[in-house]
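Note sheet for the following structure.
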Amino acid sequence: TTLTLDPSMVFVNKETQRDRVLSHPRLVQPNGDCEMGEMKRHSPRHSFVVCADTQLGMMDFNKSWEKELEYSRQAIEMINALDPQPLFCCVCGDLVDMDESTSLKYGFTLEECGIIKDQQNKDFAQMWGNVKEDIPLVCLCGNHDVGNRPNRATIQRFKNAFGDDYLAFWANGTYNIVVNSNLFSDPSDAQDLYEQQLVWITERLQYAQEKKASCIFVFGHHPWFLYDEEEEADDMKGSSPFPDSFPEELRKLTGPAVPDAYFPIPKKYRMEALSLFKEYGVAAAFSGHFHQNMVSKTSWGMDMIVTSALSAVFESNGKPADFNEPTALGIRIVDVEEDDKTGQTSFQHRFV
């Protein structure tokens, strides 16, 4: 069974992701060329929250999603109780599980896929509408939200439900760029949208540098890489076995494990992004998609921080032996601080 919701309900945060900017009274953005609001640092420190893969429907083959809603409820309770209060919370994609591009193979009709996805979107909106009003919520699209090969129609459906699929905003002197990583994962059905976003990302990075952002952070669903910026799909031997809790019918259809090579952005498109991130000094990129924690670093110092899921949690046998973050459900808290003496901005993060 699923929750019965008012079909006229509108996601409380939908209107904050508009015109490629986060519009929220808590985070006042510059108006035109006027340097105001969050562009300038107003506090020596702040924090924000990253979580990922709420993926309503994943654990019961899209028949029900009470477990995932409960995990979200627990996460929201933690977020609302944080003191000091975070400046914003970013959900890094796969808000829901139903994906027409794969579920048709599992016996659902196209009409059933649409009905289930709409209900999951409504249930996500109702649940995550419980985040405190003065904590801006940013919702990214993942491959289950727009498909493994996104197109204009699937992206528009996400935008109709949750607002813009990519945007940027200032927060206490830092610049935060939210991308639609699905267009980097496979742009074959949306090459024009891929190119438009790439131009936009370049412009946003140039702007952040010109305005002397204290730190630039990038958020997306897919990791740009898992272990090494130069990794190639053919060289990745690890995999994540599906949890025993997964329905047997699903494991029969999908196989016993997900290969590591499935998760990162293909190198061809990865390098287009990473070259820009290097040129403009991006400090860290945050993602989900891997359903487990992983933290790596580029040769030039950008952190690639992958946060575990609020649905099913995986454990890859390809991860480095010395990686010590837990394999668990949870959220990531990022603390950003300016050094009094040097004026340099640094950040630390912890998974809880």
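No lab work stands behind these numbers, since they all come straight from the coordinates. None of the values given here were measured: they were computed from a predicted structure.
For the chain, take the longest principal axis of its alpha carbons; what is the angle in degrees between that and the long axis of helix 267-280, to the nearest 10 within 0 to 90?
Long axis of 267-280 versus the principal axis of the chain: about 20 degrees.
Apply the Kirkwood formula to region 45-186: the hydrodynamic radius equals the inverse of the mean of 1/r over all pairs of different alpha-carbon atoms; give it in Å with one decimal.
Computed over region 45-186, the radius equals 15.7 Å.
Rounded to whole Å and ordered largest first, report the semi-axes of the equivalent ellipsoid of region 247-310 derived from its Cα gyration tensor (root of 5λ).
The three semi-axes for region 247-310 are 30, 14, 8 Å.
Send over the per residue convex hull volume for region 136-204, Cα only, as a whole number of Å³.
80 Å³
Rounded to the nearest 10 degrees, what's the angle between the helix 66-81 long axis and the longest principal axis of the chain, both from Cα atoms, 0 to 90?
20 degrees
In sequence order, what are the phi-derived ³J(HN,Hα) couplings for region 151-161 according to the Karplus relation 6.51 cos²θ - 1.76 cosθ + 1.60 with θ = phi - 60°, rounded to whole Hz, with x for glycine and proline?
Using θ = phi - 60°, the values come out as 9, 4, 5, 5, 5, 5, 4, 4, 5, 4, 8 Hz.
Between D118 and Q206, what length comes free when the chain is fully extended (0.36 nm per residue of separation minus the Cα-Cα distance, one decimal in nm)?
27.9 nm
Would you work out the relative contact order for the chain, in percent, from Cα pairs under 8 angstrom that are 6 or more residues apart?
20 percent
So what's the angle, to the nearest 10 degrees on a 0 to 90 scale, between helix 110-128 and the longest Cα principal axis of the chain?
Orientation of helix 110-128: about 40 degrees from the principal axis.
If I histogram all Cα-Cα distances within region 238-352 using bins 10 Å wide from 0, what percent of pairs lands in each bin?
11, 37, 33, 14, 4, 1
Could you list, bin by bin from short to long, the percent of Cα-Cα pairs of region 117-168 in 10 Å steps?
Pair shares across the bins are 22, 54, 22, 2.
Which of (1) 149; (2) 120; (3) 136 is the computed volume of the Cα convex hull per residue in Å³ for the structure on display?
Label (3) holds the value from this structure.
Does region 174-288 come out rounded, prolate or oblate, given a ≥ b ≥ c as the square roots of the eigenvalues of its C-alpha gyration tensor, rounded meaning a/c under 1.5 and, failing that, prolate meaning a/b above b/c?
prolate
Considering amide H positions built from the backbone, and no H for Pro or chain starts, which residues 5 or more places from A171, or on another chain, come under 5 Å of its amide H?
Under 5 Å from the amide H of A171 lie the amide H atoms of N176, each far enough along the sequence or on another chain.
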